[in-house]
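What follows is one structure encoded as structure tokens, with my remarks underneath.
The values are calculated or read from the model by the stated rules, or taken from the named source; none is laboratory data. Everything numeric here is computed off the predicted structure, so don't read it as measured data. Heads up, the Cβs are rebuilt from the backbone with ideal geometry, glycines too, and the neighbour counts pull from every protein chain shown.
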Amino acid sequence: MLAGVKCTVSNCKYWKNGEHCDASAIEVNVDGGGKAANQSEQTNCRTFYQK
């Protein structure tokens, strides 16, 4: 588990009670590609895997 990584997506297989991410690593990308985002809404967690 990655200490300090909060996740509110309860239907992800890595989500654990207390809103913790239990993945050993995470990948976060910019929506639409590129290297920069101006706000969090322009990013997404590619580690998500539906339960």
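Would you check if ASN29 is assigned to a loop (DSSP other than H, G, I, E, B) and free of Cβ contacts under 8 Å to residues at least 60 places away in the same chain? No. In this structure, is THR47 surrounded by 14 or more Cβ atoms within 10 Å (Cβ to Cβ), polar (S, T, N, Q) and not in a strand (DSSP E or B)? Taking the combined requirement at face value, the residue satisfies it.
Of all residues in segment 5-33, which are touching a helix residue (DSSP H, G or I) at 6+ places or on another chain (Cβ under 9 Å) and exposed (fewer than 11 other Cβ atoms within 10 Å of the Cβ)?
Matches in segment 5-33: ASP31, GLY32.
This table checks each residue for (1) modelled with pLDDT under 95; (2) within 13 Å of the chain's Cα centre (by Cα).
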position: MET1; (1), (2): yes, yes
position: GLY4; (1), (2): yes, yes
position: LYS13; (1), (2): no, yes
position: GLY18; (1), (2): yes, no
position: GLU27; (1), (2): no, yes
position: GLY34; (1), (2): yes, no
position: ASN38; (1), (2): no, no
position: THR47; (1), (2): no, yes
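If you go through segment 1-43 and keep only what is among the polar types (S, T, N, Q) and in contact with a strand residue (DSSP E or B) (Cβ under 7 Å, 6 or more places away or on another chain), you end up with ASN11, ASN29, GLN42, THR43.
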